[in-house]
Amino acid sequence: MKSKVLLSVVGFIAVFLLVACAKEDPISAELSGDESAVLAKKGQDKDDCGCRKIEARLSSTGQIDPPLLTATGEMRGDLKGTVNYVANLADVVPMSSGFGNDPVKPTASFLGAWTLTSKKGVLTFRDVGVFEQVPNGLGTSFSTVIDGTGRFAGVSGYLFLSFVSDETGLNFEEELKGKIFCKKHGDEVSNADAL
């Protein structure tokens, strides 16, 4: 029952976030040529990045140093930079069901935080997810923006992550998709550039 309620709440939040961004006037990396004319048509100026759809990839390597699990890696795509992830091992909890609906493979839920450091600033996220332990090493999570500096000051948004680990359970290949909502920034902003 608790898992059904949790899934319903997560589903509601995801739909709410998608609808909220749909109400924004998205500006994506498709802009080329005279972006000022395109933006003027949309009622925005070139300093407003609006709601950006994000697609990125991440390769990272983890390390367990009790009580922490850390990982570092490089992100490429619509977001670029160095990623540093940290989770307390106490927040990694094996999943089981009181109703006989245990995961097919040993699976754990986790909480963590991570930063993306780029030439344009730092984005900080809070992350929650599940990870099916090796040999499959499959996982998924969602990350919410909790802070930003430089180009990312005042942004909000979310990313959905899908990942797979190697046989060690410490090397990951990840795909990220989501949306970042920006506030107005100075002239250094280009909507055609990757954040």
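Tabulated data
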| quantity | calculated |
| --- | --- |
| Of residues in segment 139-159 being hydrophobic (A, V, I, L, M, F, W, C) and surrounded by fewer than 16 Cβ atoms within 10 Å (Cβ to Cβ), the one modelled with the highest pLDDT | I146 |
| Qualifying positions in segment 120-141 - touching a residue at least 40 places away in the same chain (Cβ under 8 Å) and under 9 Å from the mean Cα position of the chain (by Cα) | D127 |
| Search result, residues across segment 160-177 that are assigned to a strand (DSSP E or B), open to solvent by less than 20 Å² (accessible area, probe 1.4 Å) and farther than 13 Å from D127 by Cα | S165 |
| Those residues of segment 108-130 which are farther than 30 Å from R151 by Cα and either modelled with pLDDT under 95 or part of a loop (DSSP other than H, G, I, E, B) (or both), in sequence order | none |
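The values are calculated or read from the model by the stated rules, or taken from the named source; none is laboratory data. Because the structure is a prediction, the values reported are computed rather than measured. Every residue, glycine as well, gets a Cβ built from its backbone with ideal geometry; the counts of neighbours run over all protein chains shown. Surface areas here come from the heavy atoms of the whole protein model, side chains and all, with no ligands, DNA or RNA. Shrake-Rupley method; radii C 1.70, N 1.55, O 1.52, S 1.80 Å.
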